[in-house]
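Notes follow the structure.
The values are calculated or read from the model by the stated rules, or taken from the named source; none is laboratory data. None of these values were measured; they are calculated from a predicted model. Here the Cβ positions follow ideal geometry from the backbone for every residue, glycine too, while neighbour counts run over all protein chains shown. SASA here: full protein model, heavy atoms, side chains in, ligands and nucleic acids out. Shrake-Rupley method; radii C 1.70, N 1.55, O 1.52, S 1.80 Å.
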Protein chains: 2
Amino acid sequence: MPQAAARPTLEAVAARAGVSRATVSRVVNGEAGVREVLAVKVRRAVKELGYVPNRAARSLVTRRHDAVAVVIAEPETRVFADPFFGLQLRGISKELTARDVQLVLLLTEGRDDHERVGRYLAGGHVDGALVFSLHLDDPLPGIIHGAGVPTVFGGRPGWAGGVGSARYVDCDNRGGARQAVRHLVGLGRTRVAHITGPPDQTSAVDRHDGYRDVLPTADPDLTATGDFTPAGGERAMRLLLDRRPDVDAVFAANDLSASGALRVLRESGRRVPQDVAVVGFDDMLPVAEQADPPLTTVRQDIEEMGRLMAAMLLRGQGQAGGGGGAGTAEEGDAAYGEVDVEDDGACVVLPTELVRRESA
Amino acid sequence: MPQAAARPTLEAVAARAGVSRATVSRVVNGEAGVREVLAVKVRRAVKELGYVPNRAARSLVTRRHDAVAVVIAEPETRVFADPFFGLQLRGISKELTARDVQLVLLLTEGRDDHERVGRYLAGGHVDGALVFSLHLDDPLPGIIHGAGVPTVFGGRPGWAGGVGSARYVDCDNRGGARQAVRHLVGLGRTRVAHITGPPDQTSAVDRHDGYRDVLPTADPDLTATGDFTPAGGERAMRLLLDRRPDVDAVFAANDLSASGALRVLRESGRRVPQDVAVVGFDDMLPVAEQADPPLTTVRQDIEEMGRLMAAMLLRGQGQAGGGGGAGTAEEGDAAYGEVDVEDDGACVVLPTELVRRESA
DNA sequence: CTGAAAGCGCTAACAA
DNA sequence: TTGTTAGCGCTTTCAG
């Protein structure tokens, strides 16, 4: 199954066009300084022969691969349970495709896999890596950092090693959480609970911090630990109801847990939003819009985050198109949030937006 | 960002071990016929130098790439909304990883993308392709077939072109549907409705066929079209209730639509399973187990399907481990369903299993 | 059983 | 502006 059919080479194209290999190479790679007459001949020959450059040969001499690895490190099977990675992958894929860069997917589960990924990355088979590792104690970021491959993280890596030199793209989790809680407070709610995400993920921690920013003196009983799943949301909500039956608002760390909370509230006979107002996070459409009632939530542009990760990784080397400004600027129409530039590279933090629906 | 640091070459290892490049190559590639003394020296040198073969150089001469493309063609954004692809990707990834083959991910949306994918595949950058294209009218399978790349489809491709020569892995959708409906009938239900999936996907069509196999004379009003989403399930269920308020059982084409149906049934004041029994399909854990009540459903081993796809594509060339028998046999302990061997290649259809929970 | 040598298809100096 | 010439790092005959 391996062998591909014999493909035409540069040599063949050159012969057909009556020029040298070098000239063909120049045309194919869009270099300037080839007389248009020749260029036309070459392009015709390319088309007629159906010539496609051999990436391996090119890679051998350029020492580039035009490939980046996307590492998704998620021990739990829960990974694809929410559409998060899918959306992010989409964004990444779009950007890479536009630059003709291959996306090599690396899925890991378990520690031995980490080592394997480390070896792979250190092996120099790709030009860079986009890494999703959401757990605080994950050794992978460190390993990858050690591999010496240009890397951009998806989400702030919570990694003791040294965040200072890590580039990442994230949304403004803390600010978004503040928006959510302020909204609830603005509604006149005085007993605002928080269902957290897994305490070992930075996004969950940041959202919790946002909650505390607005309500620094809130009763600790108003905070219950969830895990970003509907089941976790249910458990947390039950606990909250048990501890504080008078709760009148809930900020859930993501839409999935919010949906679980909604279910428990309904079961308990409470009306949403009249009795208890609920706000989620993510604006995962299939979840938020289908929720009952539809969920007020904090939107983050996940696909755009993926796009930016890829753009950031490839920055500079791309024949990048439109965009005006320096650095990570893009041609899109979205307004970008703060762009924190740290020592080694930049970190982009995208803004969030409160989307009002019926739950709050 | 592109340039990887200078890596040790075969030459360097050879020098260090005091042998020729050829010998190092043999050892590295596990060929027999190298005296153990030398092999040991070589392995030591490899380790000391941290040598990793350069894939590009190897590829250039072997004309293999040790890479396969995974093509996910889904116009709608809904793709990753259910964990289906994620699980399948996991299975694929495991098998490829075990064989040291790269997974190149190709996401498409829209027709222009199809052409791009066709070009990519025809370009001979990968040794094969694993393709998910679930829509009957999708031109992609045809294009890919034309590209002359070894291909295995995920799910029976519904493609006019000529299924005869297409290899695929699927689960026994039709048989599974029969199990579900028979179960309902066995429960004494006499007005068994069916919520279909999108009529342009083979899996949905096959499941519908299974329903009809068992209930060939069922009232057409007992069948409503869904789209594999909870929202679609809700709509369909409402329609069914409207048309046949006396319905006493529902077979939903997947768990997601079943969850929507459950919600509507609950709203309508019906008890599940006492008044209406519900069976889903997929056994998507986060959905089926969390459903209220937990869903009786038809399980398919999605991850295993992915594994088999990869194994089938790479069959023969792999230094495959354990497994006894011929063809697609595997070392796993799962019992495989029918293995239809057609002209060109084999099609594997995995068995399904009814999982009883509380909804039926 | 081991080594020497010839490329795989391409790009990048360097000449012309 | 174009062509000539070396390799990139590896596998693979073919001798020894």
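Please work out if B:ARG43 is basic (Lys, Arg) and more than 11 Å from DNA strand D (Cβ to nearest atom).
Against the criterion (basic (Lys, Arg) and more than 11 Å from DNA strand D (Cβ to nearest atom)), B:ARG43 qualifies.
For a quick check of your reading: which strands (runs of 3 or more DSSP E) sit entirely within region A:90-198 and have at least 3 residues that are over 24 Å from B:GLY86 (Cβ atoms)?
Of the strands (runs of 3 or more DSSP E) lying wholly inside region A:90-198, those with at least 3 residues that are over 24 Å from B:GLY86 (Cβ atoms) span A:192-196.
Which of the following residues is modelled with pLDDT of 95 or more and open to solvent by 10 Å² or more (accessible area, probe 1.4 Å): A:ASP213, A:ASP200, A:ASP112, A:ASP137?
On the way: A:ASP200 fails: modelled with pLDDT of 95 or more; A:ASP112 fails: modelled with pLDDT of 95 or more; A:ASP137 fails: modelled with pLDDT of 95 or more.
From the options A:ASP213, A:ASP200, A:ASP112, A:ASP137, the qualifying one is A:ASP213.
Only one of these is among the aliphatic types (A, V, I, L, M) and away from DNA strand C (no atom under 16 Å from the Cβ): B:ALA32, B:ALA129. Name it.
Of B:ALA32, B:ALA129, the one residue that is among the aliphatic types (A, V, I, L, M) and away from DNA strand C (no atom under 16 Å from the Cβ) is B:ALA129.
Report yes if B:VAL52 is touching a residue at least 12 places away in the same chain (Cβ under 8 Å), at the interface with chain A (Cβ under 7 Å from one of its Cβ atoms) and within 15 Å of DNA strand D (Cβ to nearest atom), otherwise no.
yes
If you check A:ASP100, A:ASP172, which single one turns out to be more than 15 Å from the chain's Cα centre (by Cα) and open to solvent by 20 Å² or more (accessible area, probe 1.4 Å)?
Details: A:ASP172 fails: more than 15 Å from the chain's Cα centre (by Cα).
It is A:ASP100.
So which residues in region B:246-285 are touching a residue at least 12 places away in the same chain (Cβ under 8 Å) and of a type in the set (Asp, Glu), if there are any at all?
Across region B:246-285, the qualifying residues are B:ASP246, B:ASP248, B:ASP255, B:ASP275, B:ASP282, B:ASP283.
Among the residues that make up region A:25-35, is at least one of them more than 8 Å from chain B (Cβ to nearest Cβ), open to solvent by less than 40 Å² (accessible area, probe 1.4 Å) and in contact with a strand residue (DSSP E or B) (Cβ under 7 Å, 6 or more places away or on another chain)?
Checked against the condition, which is being more than 8 Å from chain B (Cβ to nearest Cβ), open to solvent by less than 40 Å² (accessible area, probe 1.4 Å) and in contact with a strand residue (DSSP E or B) (Cβ under 7 Å, 6 or more places away or on another chain), region A:25-35 yields no hits at all.
Of the residues B:VAL27, B:VAL19, B:VAL40, which is over 20 Å from A:LEU121 (Cα atoms), assigned to a loop (DSSP other than H, G, I, E, B) and at pLDDT 95 or above?
None of the other options fit; the residue is B:VAL19.
When region B:1-16 is examined, which residues are found to be in a helix (DSSP H, G or I) and either more than 14 Å from every other protein chain (Cβ to nearest Cβ) or open to solvent by 60 Å² or more (accessible area, probe 1.4 Å) (or both)?
B:GLU11, B:ALA12, B:VAL13, B:ALA14, B:ALA15, B:ARG16
Looking at the structure I just gave you, is B:GLY123 away from chain A (no Cβ under 12 Å), within 16 Å of DNA strand C (Cβ to nearest atom), out of contact with any helix residue (DSSP H, G or I) (no Cβ under 6 Å at 6 or more places or on another chain) and more than 30 Å from B:PHE228 (Cβ to Cβ)?
no
For region A:193-218, what are the residues that are touching a residue at least 40 places away in the same chain (Cβ under 8 Å) and within 15 Å of A:GLY280 (Cβ to Cβ)?
A:ALA193, A:HIS194, A:ILE195, A:THR196, A:GLY197, A:SER203, A:ALA204, A:ARG207, A:HIS208, A:TYR211
Determine which single condition B:LEU38 fails, assuming it passes every other condition in (1) surrounded by fewer than 22 Cβ atoms within 10 Å (Cβ to Cβ); (2) within 13 Å of chain A (Cβ to nearest Cβ).
(2)
Please enumerate the residues belonging to region B:213-228 that are closer than 15 Å to B:ALA249 by Cα and either in a helix (DSSP H, G or I) or within 26 Å of the chain's Cα centre (by Cα) (or both).
If the condition is that a residue be closer than 15 Å to B:ALA249 by Cα and either in a helix (DSSP H, G or I) or within 26 Å of the chain's Cα centre (by Cα) (or both), then B:VAL214, B:PRO220, B:ASP221, B:LEU222 are the ones that fit.
Within region A:219-232, track down each residue that is touching a residue at least 40 places away in the same chain (Cβ under 8 Å) and of a type in the set (Val, Ile, Thr).
Scanning region A:219-232 gives a single hit, A:THR229.
Residues A:GLY146, A:GLY123: which one is free of Cβ contacts under 8 Å to residues at least 60 places away in the same chain and surrounded by fewer than 18 Cβ atoms within 10 Å (Cβ to Cβ)?
When all the criteria are applied, what remains is A:GLY146.
Where residues in region A:229-249 are assigned to a helix (DSSP H, G or I) and buried (at least 22 other Cβ atoms within 10 Å of the Cβ), which of them is modelled with the lowest pLDDT? Give the derivation first.
Initially, region A:229-249 is screened for residues assigned to a helix (DSSP H, G or I), giving A:230-243.
Now narrow it down to the ones that are buried (at least 22 other Cβ atoms within 10 Å of the Cβ): A:230, A:232-234, A:236-237, A:240.
Numbers: A:PRO230: 89, A:GLY232: 95, A:GLY233: 97, A:GLU234: 95, A:ALA236: 98, A:MET237: 98, A:LEU240: 98.
If we take residues in region A:229-249 being assigned to a helix (DSSP H, G or I) and buried (at least 22 other Cβ atoms within 10 Å of the Cβ), then A:PRO230 is modelled with the lowest pLDDT.
If I ask for residues that are open to solvent by 40 Å² or more (accessible area, probe 1.4 Å), in a helix (DSSP H, G or I) and modelled with pLDDT of 90 or more, which ones from region B:58-89 would you list?
Matches in region B:58-89: B:ARG58, B:LEU60, B:VAL61, B:THR62.
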